[in-house]
């Protein structure tokens with residue numbers, strides 16, 4: 001399935017496979033690959049949804065992936081999905097596809113929307129000109145799907161080849177579009193115009209965008225919270241029951257596997273709610289407008305408009321935020337956004353700030369906590385700029401398209417949410433399982449308690465590394481256990497019964513808070529980073545954030561001493 | 001435009017009450033006690049009020065339509081948030097804009 005972005009390929013994949021498709025990445029790259037099987041006339045047909053592209057002439061990763069796939073995998077058929085609302089631009093890609101010599105079918109999608117706009121397309125004439133079967137479809141409404149299936153069974157036709165320069169193809173696409181499409185009504189619909197006037201307003205556009213982001217935030221965290229707690233309780237109960245049984249195996253299964261994997265699985269409501277909210281924004285057509293609004297600001301830091309949503313989501317939890325970077329098409333921008341995401345202070349870090357600010361800064365606690373959030377944002381943006389100027393250097397190719405506003409269908413929302421959530425469970429679950437066992441082992445052996453464990457020994461061994469900041473081994477141990485989940489830092493300080501007021505000064509406490517803000521992401525976030533951009537970048541992310549945290553907290557300590 | 005002005009004042013009032021609730025805790029209006037005020041919720045209500053106001057100033061219906069959509073969505077969300085956390089915000093009163101939004105979209 002090949003087509004421009006936002007032509008409804010995923011909806012068509014849904015319709016042809018009955019939602020039976022998986023989401024993964026193309027080998028070696030972070031470009032999303034959707035693959036599904038559909039039974040047509042008793043035959044199993046495998047559909048591969050290639051990334052949305054406009055042509056094949058740039059070095060854009062999506063275009064490379066699509067071209068390589070068609071050349072190397074030699075598909076039996078190219079299903080070219082064309083947006084009936086913008087025939088001319090879509091036909092330019094069609095003309096390029098004819099050069100591959102692979103049988104093709106054109107699905108003239110969103111035909112219902114086009115007809116609503118007064119666009120009439122003569123599909124028979126189009127078929128005659130291109131020498132290809134053309135089927136009118138509305139994937140969202142399920143129209144034309146049966147006709148399309150019949151054509152798929154026939155195997156399509158090898159098209160006439162249209163060679164020529166870029167300009168010639170553009171001109172030809174225009175000529176064909178003018179010949180086969182007639183517009184009875186000029187301009188966009190009244191509701192589209194009304195929405196655009198307000199959503200893109202130069203004064204209100206950004207406040208409205210921030211309001212919508214806040215609503216998404218509430219939806220993802222507050223409303224999902226009871227489901228989270230319920231899952232958390234179920235896993236806690238299960239973990240304590242199993243670990244209460246005699247033997248190391250039950251201890252490992254309870255405290256290691258069930259507690260560890262459960263800590264990740266209890267994020268599922270957040271993730272599902274986030275994906276539901278993102279799907280609503282994407283399918284309704286608002287997302288491209290929001291991206292357009294903030295693009296200028298983000299571009300100054302080497303990012304683009306699409307980075308803003310994952311960054312804001314990071315204030316709640318970095319795990320779904322990392323997954324939300326999937327909407328970023330440019331691979332370098334996406335990697336940069338993933339790497340800097342853990343600098344956005346997630347909600348799990350709040351208990352640490354509250355504990356330390358309450359003891360060391362009782363009068364200015366709120367301002368200190370606010371400062372930590374702002375420092376996190378600042379460091380994230382500076383890091384993004386640094387990464388984009390060095391390791392992730394390169395122009396960001398970013399074509400913006402404003403599709404019409406639409407009311408998403410429930411079936412499509414459900415499928416989009418479920419497929420993405422399932423992918424997270426499969427990917428993150430496997431890594432977490434292994435990591436949970438390791439963490440369980442080092443916090444329980446050889447002594448049986450955390451004070452006499454390998455983790456404690458590690459705390460003592462690593463303590464000299466933190467001597468410039470003057471933290472005790474107990475605090476270092478708390479940081480190590482915080483690797484599992486940031487909330488555990490506070491729990492460990494509690495378990496070890498550390499009187500923090502007597503072991504550190506206010507500036508050391510501030511440096512410690514800065515360190516917990518910036519140092520390596522938690523296990524669940526690392527698993528999500530690995531699933532999204534690969535092991536190499538996950539390791540880099542851990543080392544990079546640790547280096548930044550170390551440097552910043554050391555500077556904070558030195559400045560504190562000097563003041 | 002009269003409708004836009006009335007809604008501007010209504011949402012400004014909700015914004016002010018939300019700020020007070022965020023700063024001073026519980027606010028009781030007769031039998032109704034609001035305890036979930038937050039500055040960010042106030043920001044959303046303020047944005048809705050500003051959108052209605054701009055609609056009244058530039059005399060364009062589109063602003064009132066979008067403001068009503070936001071108010072309705074925010075109200076539904078605040079009701080769900082109440083069910084989830086038992087903490088209530090003045091945002092729930094945004095449902096007053098729902099009939100206006102539905103009327104506009106139908107038109």
- Message: So if I check each of A:196, A:192, which one is over 22 Å from residue A:275 (Cβ atoms), buried (at least 16 other Cβ atoms within 10 Å of the Cβ), more than 7 Å from chain B (Cβ to nearest Cβ) and modelled with pLDDT under 85?
- Response: A:192
- Taking residue A:448 as meeting all but one of (1) in a loop (DSSP other than H, G, I, E, B); (2) surrounded by 14 or more Cβ atoms within 10 Å (Cβ to Cβ), write down the number of the exception. (2)
- Query: What number of residues within segment A:151-168 are under 28 Å from residue A:412 (Cβ atoms) and free of Cβ contacts under 8 Å to residues at least 60 places away in the same chain?
  - Reply: 2
- Message: For residue A:483, only one of the following conditions fails: (1) closer than 26 Å to residue A:434 by Cα; (2) part of a helix (DSSP H, G or I). What is its number?
- Response: (2)
- Note on the structure: Picking from A:212, A:309, A:271, the residue that is in contact (Cβ under 8 Å) with a residue 40 or more places away in the chain, more than 14 Å from chain B (Cβ to nearest Cβ), closer than 22 Å to residue A:406 by Cα and part of a helix (DSSP H, G or I) would be A:309
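Matching residues to (1) out of contact with any strand residue (DSSP E or B) (no Cβ under 9 Å at 6 or more places or on another chain); (2) crowded, with 19+ Cβ neighbours inside 10 Å; (3) under 25 Å from residue A:440 (Cα atoms):
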| position | (1), (2), (3) |
| --- | --- |
| A:234 | yes, no, yes |
| A:250 | yes, no, yes |
| A:253 | yes, yes, yes |
| A:266 | yes, yes, yes |
| A:271 | yes, yes, no |
| A:292 | yes, no, no |
| A:296 | yes, no, no |
| A:303 | yes, yes, no |
- Message: On the basis of being assigned to a helix (DSSP H, G or I) and more than 14 Å from chain B (Cβ to nearest Cβ), does residue A:149 make the cut?
- Response: yes
- Item | Of all residues in segment A:152-170 being assigned to a helix (DSSP H, G or I) and modelled with pLDDT under 90, the one that is farthest from the chain's Cα centre (by Cα) | A:168
- Item | Positions within segment B:73-96 being under 17 Å from residue B:39 (Cα atoms) and touching a residue at least 60 places away in the same chain (Cβ under 8 Å), in sequence order | B:89, B:90, B:91, B:93, B:94
- Task: Name the one entry in B:69, B:80 that is assigned to a helix (DSSP H, G or I), in contact with a helix residue (DSSP H, G or I) (Cβ under 7 Å, 6 or more places away or on another chain) and within 12 Å of another protein chain (Cβ to nearest Cβ).
- Result: B:69
- Task: Would you check which residues across segment A:221-239 are in a helix (DSSP H, G or I), within 11 Å of chain B (Cβ to nearest Cβ) and closer than 9 Å to residue A:269 by Cβ and list them?
- Result: A:225, A:226, A:227, A:228
- Query: Restricting the search to segment A:491-544, which residues are more than 26 Å from residue A:266 (Cβ to Cβ) and outside any helix (DSSP H, G or I)?
  - Reply: A:497, A:498, A:499, A:504, A:505
- Query: Of everything in segment A:199-209 that's in a helix (DSSP H, G or I) and more than 8 Å from every other protein chain (Cβ to nearest Cβ), which residue is surrounded by the fewest Cβ atoms within 10 Å (Cβ to Cβ)?
  - Reply: A:206
- Message: Please pick out the residue among B:49, B:56 that is in contact (Cβ under 8 Å) with a residue 24 or more places away in the chain and either in contact with a strand residue (DSSP E or B) (Cβ under 9 Å, 6 or more places away or on another chain) or within 19 Å of residue A:212 (Cα to Cα) (or both).
- Response: B:49
- How many residues does segment B:84-107 contain that are part of a helix (DSSP H, G or I), over 10 Å from the mean Cα position of the chain (by Cα) and more than 8 Å from chain A (Cβ to nearest Cβ)? 8
- Item | Out of A:382, A:359, A:312, sole residue that is modelled with pLDDT of 85 or more and in contact with a helix residue (DSSP H, G or I) (Cβ under 6 Å, 6 or more places away or on another chain) | A:359
- Residue list for segment A:117-131, filter: part of a loop (DSSP other than H, G, I, E, B) and either within 34 Å of the chain's Cα centre (by Cα) or more than 13 Å from residue A:86 (Cα to Cα) (or both): A:117, A:122, A:131
- Message: Whether any residue in segment B:22-44 is more than 10 Å from chain A (Cβ to nearest Cβ) and under 20 Å from residue A:286 (Cβ atoms) is what I want to check.
- Response: no
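The values are calculated or read from the model by the stated rules, or taken from the named source; none is laboratory data. Please read these numbers as outputs of a predicted model, since none were measured by experiment. Ideal geometry is used to build each Cβ from the backbone, glycine not excepted, and the neighbour counts take in all protein chains shown.
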